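These notes are about the structure you will find just below.
No lab work stands behind these numbers, since they all come straight from the coordinates. Note that this is a predicted model, so its numbers are computed, not measured. Because the Cβ atoms are built from the backbone with ideal geometry, glycine has one as well, and the counts that use them run over all protein chains shown.
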Amino acid sequence: MDLLLDTHTLIWFFNGDLLLSEGAKRAIVETRHRKFVSMASVWEVAIKISLNKLAFDGKTRGFLELIDNNGFELLVIDKEYMLEVENLPFIHRDPFDRLLVATAISEKMHIVTVDANIQKYPVNCIW
């Protein structure tokens, strides 16, 4: 199974946050699953770091190292995802989350997220 990790899921996983559900944690550590991180999440984290709303050792570079060290794969933002964003109903206002939904639909991935608005889209969610 291919998993796309929502930005908050990734941050909670890296921080060992208790808000990360047991189901999400099991899915992430399952070695048979391929785990993906969208460059949109890296972009979102970089913005939050620059606004001092989020801190990581090594800032964005440190965040990217954590992605790599955990064996997660980075997904570039493909033009097909933009075409899919255009077709999404306007349930979610967050442009990063809309892009994650479009990515999951295009790539037929499950999204690991607690976000109730993402769960309203026709995507498979794990939490």
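A few points about this structure:
- Estimated vicinal HN-Hα couplings, Hz - the stretch 112-119 in sequence order (Karplus 6.51, -1.76, 1.60; Gly, Pro = x): 9, 7, 9, 5, 5, 5, 4, 5
- Reciprocal of mean inverse Cα separation for the stretch 1-84 (Kirkwood radius, Å): 13.5 Å
- In a DSSP loop and with at most 14 other Cβ atoms within 10 Å, the trypsin sites (Lys or Arg not before Pro) in the stretch 24-127 are R32, K53, R93, K108.
- Restricting the stretch 1-41 to chymotrypsin sites (Phe, Trp or Tyr not before Pro) in coil, as DSSP defines it, with at most 15 other Cβ within 10 Å: none
- Checked against a 25 Å cut-off, the cross-linked pairs K79/K108; K79/K120; K35/K79; K25/K79 give Cα-Cα distances beyond that limit for K25/K79.
- The chain, helix-only ellipticity at 222 nm - DSSP H runs n ≥ 4, -39,500 (n - 2.57), divided by all residues, nearest 500: -14500 deg cm²/dmol
- Phi to ³J(HN,Hα) by Karplus 6.51 cos²θ - 1.76 cosθ + 1.60 over the stretch 82-93, Hz, x for Gly, Pro: 5, 5, 6, 4, 4, 8, 6, x, 7, 7, 9, 8
- Candidates per chymotrypsin sites (Phe, Trp or Tyr not before Pro) in the stretch 46-125, loop by DSSP, up to 11 other Cβ within 10 Å: F90
- For the stretch 1-45, the square roots a ≥ b ≥ c of the C-alpha gyration tensor eigenvalues yield an a/c of 1.5 or more together with a/b not exceeding b/c, which makes the shape oblate.
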